[in-house]
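Colleague: Here it is, the structure, as structure tokens.
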Amino acid sequence: MDILPDPTTLVNEDSADGSIYSNPDLFDMEMDRIFMHNWIWVAHRSDLPESGNYITTFIGQHPVIVSRDRKGEVHVMLNRCRHRGATVCEHKKGKAASFVCPYHGWAYGLDGALRGVPFQEGYTGQLDKSNYPLISLRVEEYNGLIFASFDHDIMSLDAWLGRTKPWIDLFMKQGAGWPIKTMGEHKFTFPGNWKIQLENTTDAYHFPIVHKSFLDSVDSETQNTFDFVEGNGYVEDLGHGHSVMVMIPDLVDLDENLEAPIPERFQELADELAKDYPDEQVRRIVRAVGGSGFNLNLFPNLACSMAFFRVLRPLAVMETEIRHIAIGMDGGPELGNEMRLRLHEHFQGPMGFGTPDDSEAWDRVQRGSLAGRDISILLNRGLGHEAQREDGNLFSDVSAETGMRAAYRQWLVDMTGKTVRAENGE
Ligand code: FES
Ligand SMILES: [Fe+2]
């Protein structure tokens, strides 16, 4: 008889057992208890601008279709034909009036309703089409972020996001007054567990070490901006496993500090924009192009990370897909969006100065953590030095591992229904 791992023995407030990155039974439990019982980010509103638009993506390991129907309503449905289970759509995105299964031709509407069955007389007395729509998941949206859940009894998205909502609103200011839109992505896999990546988005400690080559590749003014580990940034637990890591406090609210000097690397862009926009809007666009100064980690699969969406998808216990989705101004000047893409490539691109170094570190965490038995992964940086805000949020200096501890608390809640620390108020 198989004995399931006991998550309570694997995660403590200050550490976790190395096997959390490599135990296949634990991974199966995570896919069920975390990815099928939480709100999982699936798309940004701009991915589906018009009726008939759709994208295909995954929730955990389940393929899904996200579509906008004729009435403009968004649906998230399992990409699984109700006849014998084939995927009904393999395109990454597109526009369609229906989804037709390639195997025997069952046709589904944008809302998942089964509309047509070829040679239907063979089903006489056997098939009521209204009983076989594509399986719909629960869908809710906040400020352009579309989430879905297998769990129809889950709390509202509003409640789940809770104290992260003001941060999402701040992140969306990168539209400089226009809505934001997604502008393409870099996608790659790394041979490691998904939680290694989850931790990384709230890990400021590594920045000056792993990203030395990035810091060496930029001008001294930019180097100073990114010299934040001993600065006045902070990391804050926002509840439900979510956290925010503020690296550059000056760039938290992009509508503020508009009178600050324009950084040298944006001066040329500002000069060009000044031909078409008043000074204040030029400054707003320049700040938006430069990106926000924080990483907002939304448990378990999305980070609104400075100036892009980082989306993780567990493929197997030791294999994870990452997408770095660039964002830009929807309706704003193309010049600004082009510069944003160049900055994205500079750090996140396959030949960039940032992400390739990150993924080498993640790869090595996976390989090294397989050495030995019963050896802890430490999560204790800054523990005991956290302060509490009036709303209950724990916060600490930017390089503390407060965000990781927040994520693992939610991990344990999901995996067991118990908390690590009763007094954390969750
Ligand atoms: S599997 Fe889809 S129509 Fe047969
Ligand atoms: Fe990094």
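The values are calculated or read from the model by the stated rules, or taken from the named source; none is laboratory data. Computed from a predicted structure; not experimentally measured. Every residue, glycine among them, receives a Cβ derived from its backbone with ideal geometry; neighbour counts consider all protein chains shown. Heads up: the accessible areas ignore ligands, DNA and RNA and are worked out on the full protein's heavy atoms, side chains in. Shrake-Rupley method; radii C 1.70, N 1.55, O 1.52, S 1.80 Å.
Colleague: For region 98-118, check the following and say yes or no: at least one residue is under 24 Å from the mean Cα position of the chain (by Cα), surrounded by fewer than 20 Cβ atoms within 10 Å (Cβ to Cβ) and in a strand (DSSP E or B).
Modeller: Taking every residue of region 98-118 in turn, none turns out to be under 24 Å from the mean Cα position of the chain (by Cα), surrounded by fewer than 20 Cβ atoms within 10 Å (Cβ to Cβ) and in a strand (DSSP E or B).
Condition check ((1) outside any helix (DSSP H, G or I); (2) polar (S, T, N, Q); (3) within 16 Å of ligand 1 (Cβ to nearest atom)) across all residues:
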| residue | (1), (2), (3) |
| --- | --- |
| GLU199 | no, no, no |
| ASP203 | yes, no, no |
| PRO208 | no, no, no |
| VAL218 | yes, no, no |
| VAL229 | yes, no, no |
| ASN232 | yes, yes, no |
| VAL235 | yes, no, no |
| LEU238 | yes, no, no |
| VAL244 | yes, no, no |
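Colleague: Okay, next question. How many residues does region 11-31 contain that are surrounded by fewer than 20 Cβ atoms within 10 Å (Cβ to Cβ) and closer than 15 Å to PHE299 by Cα?
Modeller: Going through region 11-31 one residue at a time, the tally reaches 1.
Colleague: Residue by residue through region 270-307, note down the ones that are in contact (Cβ under 8 Å) with a residue 12 or more places away in the chain, open to solvent by 10 Å² or more (accessible area, probe 1.4 Å) and under 18 Å from MET329 (Cβ atoms).
Modeller: Once the filter is applied, which keeps residues that are in contact (Cβ under 8 Å) with a residue 12 or more places away in the chain, open to solvent by 10 Å² or more (accessible area, probe 1.4 Å) and under 18 Å from MET329 (Cβ atoms), region 270-307 yields GLU272, ASP276, TYR277, GLU280, GLN281, ARG283, ARG284, ARG287, GLY290, MET306.
Colleague: Okay, moving on. All but one of (1) in contact with a helix residue (DSSP H, G or I) (Cβ under 7 Å, 6 or more places away or on another chain); (2) more than 16 Å from ligand 2 (Cβ to nearest atom); (3) at negative phi hold for SER213; state the number of the condition that does not hold.
Modeller: It fails just one condition, (2).
Colleague: Now, a different point. Which of the residues spanning region 58-95 are within 16 Å of ligand 1 (Cβ to nearest atom), open to solvent by less than 40 Å² (accessible area, probe 1.4 Å) and either assigned to a loop (DSSP other than H, G, I, E, B) or modelled with pLDDT under 95 (or both)?
Modeller: ASN79, CYS81, GLY85, ALA86, VAL88, CYS89, listed by residue number.
Colleague: Of the conditions (1) within 26 Å of ALA361 (Cβ to Cβ); (2) surrounded by fewer than 15 Cβ atoms within 10 Å (Cβ to Cβ); (3) within 27 Å of the chain's Cα centre (by Cα), ASP216 fails just one. Which one is it?
Modeller: Looking at each condition in turn, ASP216 falls short on (3).
Colleague: Here is a further query. What residue, among those in region 344-366 that are more than 15 Å from ligand 2 (Cβ to nearest atom) and modelled with pLDDT of 95 or more, is most open to solvent (accessible area, probe 1.4 Å)?
Modeller: GLU345
Colleague: Continuing with this model, one more query. Inspect region 1-10 for any residue being more than 22 Å from LEU298 (Cβ to Cβ), in contact with a Ser or Thr (Cβ under 9 Å, 6 or more places away or on another chain) and open to solvent by less than 10 Å² (accessible area, probe 1.4 Å) and give the result as yes or no.
Modeller: no
Okay, residues lined up against (1) free of Cβ contacts under 8 Å to residues at least 12 places away in the same chain; (2) closer than 19 Å to TRP39 by Cβ; (3) open to solvent by 10 Å² or more (accessible area, probe 1.4 Å):
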site: TRP160; (1), (2), (3): no, yes, no
site: LEU170; (1), (2), (3): no, no, yes
site: PRO179; (1), (2), (3): no, no, yes
site: GLU185; (1), (2), (3): no, no, yes
site: THR189; (1), (2), (3): no, no, yes
site: GLY192; (1), (2), (3): no, no, no
site: LYS195; (1), (2), (3): no, yes, no
site: ASP203; (1), (2), (3): no, no, yes
site: HIS206; (1), (2), (3): no, no, yes
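Colleague: When the residues of region 129-140 are narrowed to those that are open to solvent by less than 80 Å² (accessible area, probe 1.4 Å) and out of contact with any His (no Cβ under 7 Å at 6 or more places or on another chain), which ends up farthest from ligand 2 (Cβ to nearest atom)?
Modeller: LYS129
Colleague: Now, a different point. Could you run through region 60-75 and say how many residues are out of contact with any Ser or Thr (no Cβ under 7 Å at 6 or more places or on another chain) and within 24 Å of ARG33 (Cβ to Cβ)?
Modeller: 3
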